[in-house]
Amino acid sequence: MLLKYSKKKEPIIIKESVRILKKGGLIVYPTDTVYGIGADATKRKSIEKIYKIKKRSKKVFISALVSNKKMLKEYSFPSKLAIRKFPGKYTFILKSKKNLPIAKDYIGFRIPNHWCVKIAKQFGKPITTTSANVSGQPTPNNIQDIQKMFGKSIDLYIDDGKLSGKPSKIFSKDNKRIR
């Protein structure tokens, strides 16, 4: 399924995204950086689907998108720098409070400055946020190229036009910028 984003359609898009996530499905959604693949970050079966379609090594962990600082604190021990920088185009690797199947002990967390956080807010828990590409391949900046890459393995594509294509800045567990 493909839904074209507009402010007017936003409530419908969020509702449909949540419905698919609850069923264990996958969505491709826009962020403030690149398109991401979303799944229930608490369900191992959903995470396995992402590793399979991305052809990604399970040694490479997947990050989580949370809706706000309250949810961030529920799932991690955020650094002062993360609290100060969020929301924004950042991923912070933080000590996890809850055992999530996307990583061990430390998890990359994002709070984009973008409407997409409303999906996680409505869902009530973190969703995955990993670039919408096959591992080792460039990340397309438009939904049409992503559809060609993944086809029917994605349950919902949300088209929000051409994105910047620049991934988030990543900070290590020591608050040092990695990328």
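The values are calculated or read from the model by the stated rules, or taken from the named source; none is laboratory data. Predicted model, so just to flag it, every value in this text is computed and none were measured. Reconstructed Cβ throughout: ideal geometry from the backbone, glycine too, with neighbour counts over all protein chains shown.
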When you check residue 91 against the structure, is it among the hydroxyl-bearing types (Ser, Thr, Tyr) and assigned to a strand (DSSP E or B), yes or no? yes
Step by step: first the residues of segment 149-172, then only those that are among the charged types (D, E, K, R) and at pLDDT 85 or above, then the one that is nearest to residue 77 (Cα to Cα). Which residue is that? 169
Go through (1) touching a residue at least 40 places away in the same chain (Cβ under 8 Å); (2) more than 17 Å from residue 29 (Cα to Cα); (3) crowded, with 21+ Cβ neighbours inside 10 Å one by one and return the number of the condition residue 66 breaks. (2)
Scanning segment 147-163 for residues that are farther than 20 Å from residue 10 by Cβ and touching a strand residue (DSSP E or B) at 6+ places or on another chain (Cβ under 9 Å) gives 147, 150
Would you mind finding the one in 58, 4, 54 that is surrounded by fewer than 13 Cβ atoms within 10 Å (Cβ to Cβ), at pLDDT 95 or above and either farther than 16 Å from residue 154 by Cβ or more than 13 Å from the chain's Cα centre (by Cα) (or both)? 4
Some residue of segment 95-102 being of a type in the set (Ser, Thr, Tyr), under 27 Å from residue 45 (Cβ atoms), in contact with a helix residue (DSSP H, G or I) (Cβ under 9 Å, 6 or more places away or on another chain) and part of a strand (DSSP E or B): yes
Candidates 73, 98, 49, filtered to the one that is within 26 Å of residue 169 (Cβ to Cβ) and either surrounded by 13 or more Cβ atoms within 10 Å (Cβ to Cβ) or touching an Asp or Glu at 6+ places or on another chain (Cβ under 6 Å) (or both): 73
Tally the residues that are assigned to a helix (DSSP H, G or I) and modelled with pLDDT under 95, restricting the search to segment 112-148. 0
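The rows are residues; the columns are (1) touching a Phe, Trp or Tyr at 6+ places or on another chain (Cβ under 7 Å); (2) charged (D, E, K, R); (3) free of Cβ contacts under 8 Å to residues at least 60 places away in the same chain; (4) farther than 23 Å from residue 22 by Cβ.
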position: 80; (1), (2), (3), (4): no, yes, yes, yes
position: 83; (1), (2), (3), (4): no, no, yes, yes
position: 106; (1), (2), (3), (4): no, no, no, yes
position: 109; (1), (2), (3), (4): yes, no, yes, no
position: 117; (1), (2), (3), (4): no, no, yes, no
position: 126; (1), (2), (3), (4): yes, no, no, no
position: 133; (1), (2), (3), (4): no, no, no, yes
